[in-house]
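Enquirer: Before anything else, here's the structure in question.
The values are calculated or read from the model by the stated rules, or taken from the named source; none is laboratory data. All values reported here derive from a predicted model rather than from experimental measurement. Note: ideal-geometry Cβ built from the backbone for every residue, glycine included; neighbour counts use all protein chains shown. Note: accessible area is taken over every heavy atom of the protein model, side chains too, but ligands, DNA and RNA are not part of it. Shrake-Rupley method; radii C 1.70, N 1.55, O 1.52, S 1.80 Å.
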Amino acid sequence: MNKFIFWTMISRFFLVFICFCLLSVSFIANAQEKDTLYLRNGQIMVGKLNSISLGIIQFDDVDLSVQNVKYHKIKTIKAGMSTYRIQTIDESVYYGILKPSKVYGEVIVDDGFVEKPYPIINIFNLVSLEKKFIKKIKGTVALGYSYTKSSDIGRTNIDWNLMFTEQKFRLEFNGSFIYTNNQGEKTRDRESVAVGGYYNINSVLVAGLALNYQRNIELGLASRIQELVGFGRRFLFKSNLQGVLSSGVVINQERSLEGTTSGNLFEIPAQFKLDYFHYAAPNLSFSIIPKFFFGVNQNGRKRFDGETRVNWEVISNLDLGLQFYTNYDNQALEGSNTNFDYGIVFNVGYKFK
């Protein structure tokens, strides 16, 4: 009898052990399971979901590398390899994963507490909270060059737009340089470098700090250093359209081409940023950024910096870009013959994904 009980206990222990091992293997397999895109045409893409923004789902397919897939081509999504910051057009923010839905064009957002279904087109923005530092850097670096033999003038432009994203914090590093080589005489025509940190207070409000450097010889500006603090509000929540309106306080230190320095100049900025993505081919994106500055201690000085960008992703990681810029200053600095400047820049860029 004792032996029977003993072997029964051993058998049960062994059975529990086997079940535990099977569950462990199943858990590990599930934890390592790839993300999946289920397309409306029946195809399935397996890999890793990187982001959702402006009507585009960026997906790293195991066979096809990084792919940009439009919303309307997706049946549903399964994504659990990373934790995501998920923002919806009803101004809700979740930190969690996406589960597939049986309803066409829908996903289930799971933040560990609740599971809520959303149409995919209502996912306003999704960012993968990567663990590796280099994976958190997204953006584009571009280069352009033009040359006219008749005048022996060459013009070089360098442009970059990089972004580092954490759970509620975003760091942006932007820059633009234009150089001219006129019969051996090199000039730095226009320069702009900006570093900014932005914190998401909630789904619609953002606070930020920025440090900028500018140069524009057309307006007599040898250098301008800007320190900015401000707040912004998102007010467009569309799958292919995003807008932010912001203001705050700016402190400038300027130096003219004649060497005159300004001391501290205070301004009130008003900035609007609009991002739009065109769904149909070709794959185009538009950014419009007008900035107005009103002088506080500068006798009615008013300035305007405007920029419009058009990017066409020809193939994966390769962008063709056009940049239209405008600068106006009603109190142009010494060394300037005009108070208005504009230009068009063409470049070819590499996109980090």
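Enquirer: If you add up the charges near Leu221, with Lys and Arg at +1 and Asp and Glu at -1, over every other residue whose beta carbon is less than 12 angstrom from its beta carbon, what do you get?
Expert: In short, -3.
Enquirer: Lys and Arg at +1, Asp and Glu at -1: add these up for the other residues within a Cβ distance under 11 Å of Asn264 and post the number.
Expert: -3
Enquirer: Could you work out what % of the accessible surface of region 233-353 is carbon and sulfur, using a 1.4 angstrom probe and leaving DNA, RNA and ligands out of the count?
Expert: 60
Enquirer: Can you give the local net charge around Leu274? Use residues other than it whose beta-carbon is closer than 12 angstrom to its beta-carbon, Lys and Arg +1, Asp and Glu -1.
Expert: +2
Enquirer: Ordering Trp160, Trp312 by accessible area with a probe of 1.4 Å, largest first, what comes out?
Expert: Trp312, Trp160
Enquirer: So what is the accessible area of region 166-318 per residue, in Å², with the probe set to 1.4 Å?
Expert: 50
Enquirer: Just the ratio, please: alpha-carbon radius of gyration of region 56-215 over 2.2 N^0.38 Å, N its number of residues.
Expert: Taking the Cα Rg and dividing by 2.2 N^0.38 Å, one obtains 1.40.
Enquirer: What nm value, rounded to one decimal, do you get for the distance between Ala270 and Phe113 when each label is placed 7 Å out toward the C-beta?
Expert: Result for the modelled spin labels: 3.9 nm.
Enquirer: Turning to a different aspect of this structure: On the full set of protein chains, 1.4 Å probe, figure out the accessible area of Lys34 and give it in Å² to the nearest 10.
Expert: 90
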